[in-house]
Amino acid sequence: MPTLNLFTNVPVDGVVASDILKDATKAVAKIIGKPESYVMVLVNGGVPISFGGTEEPAAYGELISIGGLDPTVNAKLSSTIAEIIQTKLSIDSSRFYVKFYDVQRSFFGFNGSTF
């Protein structure tokens, strides 16, 4: 159930969004070690964001997972997601934050229940 929620102030068209969804899904699944069928990725483009006092291209992400996260995994995820954002949206990695949440099973709902 890893979920990656990305926000950026860069407008994102359908083709670019689709590419980000595919690339991020594969990366998150591989790095965390969970099947792609469990991974959800959301891309929110054109969101007003100020980073460092400017509205230059920037992004923020949150990755939530039931297990699979640790400092080494988080560093790899941060690097890989930043690379995807740089490649697809031309956002420099110095203008991207990502927050990681390792949650308990009972804190995540699916199919009308919790895990």
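The values are calculated or read from the model by the stated rules, or taken from the named source; none is laboratory data. This is a predicted model, so every value here is computed, not measured. Backbone-built Cβ (ideal geometry, glycine too); neighbour counts: all protein chains shown. What goes into the accessible areas is simple: the full protein's heavy atoms, side chains included, and nothing from ligands, DNA or RNA. Shrake-Rupley method; radii C 1.70, N 1.55, O 1.52, S 1.80 Å.
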GNM, the chain, Cα, under 10 Å: largest mean-square fluctuation among GLY61, GLY53, GLY45?
GLY53
Under a GNM of the chain (C-alpha, springs under 10 Å), which listed residue has the highest mean-square fluctuation: THR87, THR54, THR25?
THR54
With every protein chain kept in place and a 1.4 Å probe, the chain has an accessible area per residue in Å² of 57
Given 0.36 nm per residue, what is the gain on full extension from MET40 to LYS76 after removing their alpha carbon distance, in nm?
11.1 nm
Regarding segment 1-112, what are the three Cα extents along the principal axes, ordered largest first, in Å?
38, 29, 24
Compute from the Cα atoms of segment 43-95 the Rg and the Dmax, the latter being the longest Cα-Cα distance, and quote both in angstrom.
12.4, 35
What number comes out for the charge environment of ASN9, summing +1 per Lys or Arg and -1 per Asp or Glu over other residues with Cβ under 10 Å away?
-1
